[in-house]
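The values are calculated or read from the model by the stated rules, or taken from the named source; none is laboratory data. The structure presented is a predicted model; accordingly, all values stated were derived computationally and were not measured. Cβ placement follows ideal geometry from the backbone for every residue including glycine, while neighbour counts extend to all protein chains displayed. Keep in mind that these areas ignore ligands, DNA and RNA; they rest on the heavy atoms of the full protein, side chains included. Shrake-Rupley method; radii C 1.70, N 1.55, O 1.52, S 1.80 Å.
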Amino acid sequence: MRLWLIAVLFLVGCASTPPVSRSGYSASGRVALKVANERHYAQFDWHQLGEQSELSLSGPLGQTVAELRFSPGLASFKDANQRVIKAASPDALIKEALGWPLPVSGLRWWLRGEADPDSVSHQSKIENGQLLEQAGWRIESTDYRGQPSLPHRLMLSRDDLEIKVVISEWQWNP
């Protein structure tokens, strides 16, 4: 379970681009985490519909190892053993499960390359992309493609944690 929760960190970032006016979207790809001297790898699927967010992580053979679902006021986490943990917010859920806080509630913004409007941020241009500093994270988003232009590569760092994200597919749900 700890591996999956750490993997949630990978999505905590992107840089700022104009808001995308769609009612929902999905993103899928892979993530590599380096925490202390450990490395972890996973496939991910993110689904966003309005205020409802879902993240599913899979192992190398395609088996789902964890699912996180949240909307305002409720968050749930289910591990590979079907154990479910619930909390009032995704941030509280992650803090309960890991013992330390992570700004999970901002994921729906950061994944698209936008700053969470509820948190102070600093944004700047970098070579081939953008840099966002928010909630203690340094997020470099690069390889913008498509219409609308969205990031396909992210590098997030904070203290002794590095997260590399490669988004292979974006889908919009009208």
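Would you check if there is a residue in region 166-173 being open to solvent by 50 Å² or more (accessible area, probe 1.4 Å), over 23 Å from GLY50 (Cα atoms) and modelled with pLDDT of 90 or more? Within region 166-173, not a single residue is open to solvent by 50 Å² or more (accessible area, probe 1.4 Å), over 23 Å from GLY50 (Cα atoms) and modelled with pLDDT of 90 or more. In summary, strands (runs of 3 or more DSSP E) completely within region 62-159 and bearing 1 or more residues that are surrounded by 20 or more Cβ atoms within 10 Å (Cβ to Cβ), touching a Pro at 6+ places or on another chain (Cβ under 6 Å) and in contact (Cβ under 8 Å) with a residue 40 or more places away in the chain occur at 137-142. On the stretch given as region 21-39, residues that are open to solvent by 20 Å² or more (accessible area, probe 1.4 Å) and modelled with pLDDT under 85 total 7. Specify the residue that is most open to solvent (accessible area, probe 1.4 Å); the eligible residues are those in region 40-58 that are part of a strand (DSSP E or B), closer than 23 Å to GLY73 by Cβ and free of Cβ contacts under 8 Å to residues at least 40 places away in the same chain. Checked region 40-58; the qualifying residue most open to solvent (accessible area, probe 1.4 Å) is GLN52.
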